[in-house]
1. Show that you can apply the helix-only estimate: for the chain, add -39,500 (n - 2.57) for every DSSP H stretch of four or more residues, divide by all residues, and state [θ] at 222 nm to the nearest 500.
2. Using alpha-carbon positions, what is the distance between the centroids of the range 126-183 and the range 231-276, in Å?
3. Just to check I understand the Karplus step: with θ = phi - 60° and J = 6.51 cos²θ - 1.76 cosθ + 1.60, what whole-Hz values come out for the range 157-173, glycine and proline as x?
4. Could you pull out every one of the lysines with an alpha carbon less than 17 Å from that of Lys215, ignoring same-chain neighbours closer than 8 positions?
5. Two decimals is fine: what's Rg over Rh for the chain, C-alpha atoms, Kirkwood radius as Rh?
6. If we count other beta carbons within 10 Å of each Cβ, what is the order of Ser182, Ser332, Ser129, fewest first?
7. FRET efficiency for Gln374 and Glu312, Cβ-Cβ distance as r, R0 = 22 Å, nearest 0.05?
8. Could you work out how far apart the two model spin labels at Cys251 and His24 are, taking each label as a point 7 Å from the Cα in the direction of the beta carbon, and quote it in nm?
Amino acid sequence: MELDTILARLSENTGIAEPFGASHFPIYQSATFDLKKQQGNKKYDYSRSGNPTRDALSYVFTKAEEGAGTICTNTGVSAVSLLFRTVLKSGDSVLVERDCYGGTYRLLNMLREKYSIHFHFADFTDLKSIKSNLENKSINLVLCESPTNPGLKVLDLTNIAKLCSEFEVPLAVDNSLATFASQKPLELGADFSITSATKYISGHGAAVAGLITAKSEAWAKKLYKYANAEGISQSPFEAFLISLGLPTLICRMKAHEKSAIQIANYLLTRSDILEVKFPFLSNHPQYELAKQQMKICPGVITLNMVSQEKAEQFVSKTKLFGEKASFGSADSRIEQPIKISHASYPKHELDLMGIDASTIRLSIGLEHPDDLIQDIESALG
Ligand SMILES: Cc1ncc(COP(=O)(O)O)c(C=O)c1O
């Protein structure tokens, strides 16, 4: 069955028996469950360890990501943290694509300070650099996003996965931007696919949550063990809110992409913008790879404006773009990454990524693109 059909008929595809033919699966908002009243394998006792609403979301996600199991966590960051805690021990090292979410960078720094878990940055568009890191350093985990955030570099996940497997190092891909609607990291060879469900998956800006899917049952079991021990499980209400976004995910992603292409092309015509980064623009350095690897391009555009002043004018004068963290919601957003999403990066790292006060990240929402272009035009003059 195609993914669109599975998602549209969500409640029939959760692996949980629902006796009333409900059109959406229910919220089991209960802390505990009576073992005496359960038939069969008496699966549920306490909601931190297991909950039918969370299990329904986990089941669908595992199917969609083509993995062996999914852990639903309380935030996207806690899914990243769960990965680190499960895979790494003190003294271990992670190889990370330099252009990654600021919260991931903050977490890596804390793990280094407190638990001597080290990290090395590399430019993952250069496969030789990944190989030489794997050859010359003792690396225990490789982590990247593709497209990267906010630089929107597209990484060759198939060949990165081949390298990791050659060196027997697990590869984790943060798929928050592309989502499984566009690309499936596990199918391309990764061992873990992580998603901040706060973004496109939820799609309505109403919930904060994360998911991590493992390719193997062995890793899925280990992830579950740590998630339960640390108590970072997603609440049933959050799992329900997240699941509401799934039936419309694919068509929302297509609508975000369509508007973003129109807007990116308009932005290319402006003399106050030095660079427009969008993977499905033919001037993008990894355009061919992006087209081959992603079915749909997420609606995020990164810009380098002529000056900091112009960038600040853009942020403050637009009316249809909220100055908000996050991306992937129905409403459009604008930010200077150095102030919000990447505020935890020091200046020298931002310089290496080519990000400064003139950099703007736009998340194109579901408003009519003509209205968004008009808003941009009147903000920038
Ligand atoms: C790529 C990426 N991964 C993970 C996260 C963290 O997700 P959350 O905000 O749900 O904790 C973010 C948040 O912006 C992100 O952009």
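1. Details: 13 runs with 145 residues, N = 381.
Result for the chain: -11500 deg cm²/dmol, rounded to the nearest 500.
2. Result: 22 Å between the Cα centres.
3. For the range 157-173, the Karplus-derived couplings read 4, 4, 6, 5, 4, 5, 4, 4, 6, 4, 9, 6, 10, x, 10, 10, 10 Hz, x marking Gly and Pro.
4. Straight-line reach from Lys215, under 17 Å: Lys63, Lys162, Lys184, Lys225.
5. Numbers: Rg = 20.8 Å, Rh = 21.3 Å.
Over the Cα atoms of the chain, Rg/Rh equals 0.97.
6. Details: Ser182 22, Ser332 26, Ser129 14.
Listing Ser182, Ser332, Ser129 from fewest to most nearby Cβ atoms yields Ser129, Ser182, Ser332.
7. Working: r = 21 Å, r/R0 = 0.93.
The formula returns an efficiency of 0.60 here.
8. 1.5 nm
Coordinate-derived values only; no laboratory data. Nothing here was measured: the structure is a model prediction, and the numbers come from that model. Methodologically, a virtual Cβ is constructed for each residue, glycine included, from the backbone with ideal geometry; neighbour enumeration extends over all protein chains shown.
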